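Visitor: Attaching a single structure in structure tokens format; questions to follow.
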Amino acid sequence: MASPITKSALGAVLALAAVALITPARAQAQTTGSIFGGFTAPQPQATGGGHPLMTPQAIAQAQANFPNCIASMWPLAQSKGVSRRTFERYTSRLEPDMKIMDYLDSQPEFSKPTGAYVEMLVSDWRVKKGREILARYKPIFDQVEKAYGVDRYAVAAIWGIESTYGDPKGIGSRNVLVSTATLACIGRRQDYFRDEFIATLQILDKDDVPYDHLKGSWAGAFGPTQFMPTSFQRFAVDFDRDGKRNVVDSIPDIIASTANNLKLDGWEFGKAWGYEVVLPKGFDYRYVNRTFKQSLGQWASLGVARPGGKGFPRASDQAFLLLPAGANGPAFLMLGNFNAILKYNPADAYALAIGHLADRLRGGGHFAQAWPNEERGLSKAERLEIQGRLSQMGYDIGNVDGILGQKTKSAIQDFQVRKGLLPDGYPDVALLQQMRR
Ligand code: CA
């Protein structure tokens with residue numbers, strides 16, 4: 001991958017659901033670290049460049065320099081095959097959208113608990129609507145599944161969660177060229193967005209998507225499955241063979257491009273993304289560690305079982321154990337396809353929602369185990385405090401950055417063992433209170 005960041009924007013799905021998320025989740029996860037601070041997904045790293053910290057004065061300067069900044073992109077655009085005619089046509093009157101600066105650094109105070117997030121996204125309504133979409137476009141899904149070897153339900157789930165199956169409010173209404181140009185010249189992530197801006201010019205140069213249809217989130221994710229421009233360049237395909245890779249207006253191109261994306265990110269056909277599992281009494285929670293993988297058969301020999309006594313197909317598949325809400329919530333064994341979904345958007349809760357919606361669309365039921373009734377997730381200050389306290393206790397938790405990765409979770413598990421608690425490694429308010437004692 002050219003960038004650790006794949007794409008963007010859960011879109012207004014979340015805003016529609018009246019959640020305290022100011023910005024599209026996917027874009028947020030990529031530009032500021034993560035709104036899912038409590039989760040262990042591999043986190044996007046800042047790619048450097050731009051201004052480390054944009055003061056109002058620096059922003060004003062960058063805004064004044066915007067035309068020069070855009071003009072200076074010509075050699076790069078040219079090297080990517082953009083014609084001078086296209087470049088002038090689309091950049092000569094370009095102006096930045098300064099409202100985007102407000103989104104770039106905003107974060108909700110608290111992360112949303114995984115259970116509430118997944119339940120909100122995998123609603124009965126979204127399941128019903130998804131089944132309608134699968135029926136309506138069945139011939140296309142048939143062809144795409146055959147061509148790419150990617151589960152149609154996973155593709156439909158991404159479509160459903162990224163934009164509520166193409167709802168304009170979910171897609172976003174900002175002009176992608178303006179958004180990426182703004183962020184390429186102003187703000188903290190200029191190197192990253194410069195590539196997105198150039199990739200947008202390439203789309204316009206090839207006329208894959210008409211200028212007026214290139215609309216999306218403030219971070220530049222566009223179309224029903226929210227391709228970032230660089231992801232578009234890597235993954236989009238012209239499945240209806242009209243000469244355009246139009247992931248905004250062509251249903252065959254949307255479905256096939258999304259399938260191609262999952263395929264190239266490692267999707268294995270005919271395999272599950274993971275299984276909900278029940279842990280036996282007396283289970284050693286130190287097995288909860290995403291870096292520890294063993295076969296489903298080995299997990300079964302430890303007494304880990306699917307609810308209702310269903311067995312594991314392909315007992316040799318490697319899996320890791322994930323407890324997204326700690327010991328009081330459902331447990332999952334995660335397989336390779338879970339990691340393919342994580343490449344679409346690096347947050348466990350997102351990937352779990354996609355996987356669960358895919359299963360529901362296929363006819364599966366709700367999870368057997370209930371989510372804990374958590375009032376809220378941790379704030380960034382609280383996550384930093386947990387890391388700071390673990391650091392003071394002598395644990396190596398990597399950077400104190402508010403992102404609680406496996407190192408932090410392993411340290412939490414060790415702390416829990418020492419305190420005689422269940423070592424599920426789950427960081428919540430109760431754990432922080434325990435640490436403060
Ligand atoms: Ca096409």
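The values are calculated or read from the model by the stated rules, or taken from the named source; none is laboratory data. None of the values given here were measured: they were computed from a predicted structure. Neighbour counts run over all protein chains shown; Cβ positions are idealised from the backbone, glycine included. Accessible surface areas use protein heavy atoms only, side chains included; no ligands, DNA or RNA. Shrake-Rupley method; radii C 1.70, N 1.55, O 1.52, S 1.80 Å.
Visitor: Considering only residues that are among the charged types (D, E, K, R), at pLDDT 95 or above and under 30 Å from the mean Cα position of the chain (by Cα), look in segment 82-101 and name the one that is least open to solvent (accessible area, probe 1.4 Å).
Guide: Among them, the one singled out is Asp97.
Visitor: Here's something else I'd like to know. Which residues, taken from segment 276-291, are of a type in the set (Lys, Arg) and touching a Pro at 6+ places or on another chain (Cβ under 7 Å)?
Guide: Arg286
Visitor: Scan segment 168-184 for residues that are of a type in the set (D, E, K, R) and modelled with pLDDT of 95 or more and jot them down.
Guide: Across segment 168-184, the qualifying residue is only Arg174.
Visitor: Kindly state which helices (runs of 4 or more DSSP H) lie completely within segment 289-394 and contain at least 2 residues that are closer than 22 Å to Ala157 by Cβ, small (Gly, Ala, Ser) and open to solvent by less than 10 Å² (accessible area, probe 1.4 Å).
Guide: Values: elements: 296-301, 336-344, 348-362, 380-392.
Correct list: 348-362.
Visitor: Need pairs with beta-carbon distance below 7 Å; first residue under 15 Å from Phe232 (Cα atoms) and within segment 242-255, second more than 6 Å from the ligand (Cβ to nearest atom) and among the acidic types (Asp, Glu); sequence gap 6+ or separate chains.
Guide: Lys244/Asp207; Lys244/Asp208; Arg245/Asp208; Asn246/Asp208
Visitor: Follow-up question, since we're still on this one. Scan segment 395-413 residue by residue and report those that are open to solvent by 70 Å² or more (accessible area, probe 1.4 Å) and in a helix (DSSP H, G or I).
Guide: Lys407
Visitor: Something else now. In segment 204-217, which residues are in contact (Cβ under 8 Å) with a residue 40 or more places away in the chain and either of a type in the set (A, V, I, L, M, F, W, C) or open to solvent by 10 Å² or more (accessible area, probe 1.4 Å) (or both)?
Guide: Within segment 204-217, Leu204, Asp205, Val209, Tyr211, Lys215 meet the criteria.
Visitor: If Asp253 passes every condition in (1) of a type outside the set (A, V, I, L, M, F, W, C); (2) open to solvent by less than 30 Å² (accessible area, probe 1.4 Å); (3) under 24 Å from His356 (Cα atoms) but one, which one does it miss?
Guide: (3)
Visitor: Moving on to the next point. Considering each of Ala319, Ala325 in turn, give the residue that is closer than 18 Å to Gln406 by Cβ and touching a Leu at 6+ places or on another chain (Cβ under 8 Å).
Guide: Working: Ala325 fails: touching a Leu at 6+ places or on another chain (Cβ under 8 Å).
Result: Ala319 is the single residue among Ala319, Ala325 that is closer than 18 Å to Gln406 by Cβ and touching a Leu at 6+ places or on another chain (Cβ under 8 Å).
Visitor: Turning to a different aspect of this structure: Taking Val155, is it of a type in the set (Val, Ile, Thr) and in a loop (DSSP other than H, G, I, E, B)?
Guide: On the way: of a type in the set (Val, Ile, Thr): yes; in a loop (DSSP other than H, G, I, E, B): no.
In short, no.
Visitor: I'd like the residue in segment 272-282 that is in a loop (DSSP other than H, G, I, E, B) and touching a Gly at 6+ places or on another chain (Cβ under 7 Å) and, out of all such residues, is surrounded by the most Cβ atoms within 10 Å (Cβ to Cβ).
Guide: Across segment 272-282, the extreme among qualifying residues is Trp273.
Visitor: What do you reckon, is Arg418 farther than 30 Å from Arg234 by Cα, open to solvent by 10 Å² or more (accessible area, probe 1.4 Å) and of a type in the set (Lys, Arg)?
Guide: yes
Visitor: Please determine whether any residue of segment 151-158 is within 14 Å of the ligand (Cβ to nearest atom) and open to solvent by 30 Å² or more (accessible area, probe 1.4 Å). Break it down stepwise before answering.
Guide: First pass over segment 151-158, keeping only residues within 14 Å of the ligand (Cβ to nearest atom): none.
Looking through segment 151-158, none of the residues is within 14 Å of the ligand (Cβ to nearest atom) and open to solvent by 30 Å² or more (accessible area, probe 1.4 Å).
Visitor: In the list Gly220, Gly187, which residue meets the criterion of being open to solvent by less than 20 Å² (accessible area, probe 1.4 Å) and at pLDDT below 95?
Guide: Numbers: Gly220 fails: at pLDDT below 95.
Result of the check over Gly220, Gly187: Gly187.
Visitor: Select from segment 234-283 the residues that are acidic (Asp, Glu) and away from the ligand (no atom under 16 Å from the Cβ) and list them in ascending order.
Guide: Within segment 234-283, Asp265, Glu268, Glu276 meet the criteria.
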